[in-house]
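One structure is given here, and the rest of the page talks about it.
Computed from the coordinates by the stated procedures, all read-outs in this text should not be read as laboratory data. Values in this document were obtained by computation on a predicted structure and should not be read as measured data. Virtual Cβ from ideal backbone geometry, glycine too; neighbours counted across all protein chains shown.
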Amino acid sequence: MSQIDEHDRALGRRAALIIAVATILWLLLQWIGKQQGWSAQVALIGDLAAIAAYIYALALVWRIWRRKAGK
């Protein structure tokens with residue numbers, strides 16, 4: 001395996017971990033917010049943080065895809 005393939009695998013694992021953690025945290029925030037009666041503004045902050053994490057993970061995957069397409 002080349003060093004680039006190992007790097008791409010590491011980026012893929014990082015993207016998968018980011019997606020999984022962001023989803024779990026978002027679900028927990030929604031559940032806790034409902035239990036505690038938090039306002040919609042607090043829920044919006046959690047939503048925006050999750051979206052930011054998904055966009056970052058998408059950028060990582062896009063970087064891997066572009067590198068593979070260039071071979």
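Assorted remarks:
- Within the stretch 22-68, being surrounded by 14 or more Cβ atoms within 10 Å (Cβ to Cβ) and outside any helix (DSSP H, G or I) holds for one residue alone: W38.
- Taken together, I64, I55 contain a single residue that is in contact (Cβ under 8 Å) with a residue 40 or more places away in the chain and among the hydrophobic types (A, V, I, L, M, F, W, C), which is I64.
- Which numbered condition L11 misses (of (1) free of Cβ contacts under 8 Å to residues at least 24 places away in the same chain; (2) under 17 Å from the mean Cα position of the chain (by Cα)): (1)
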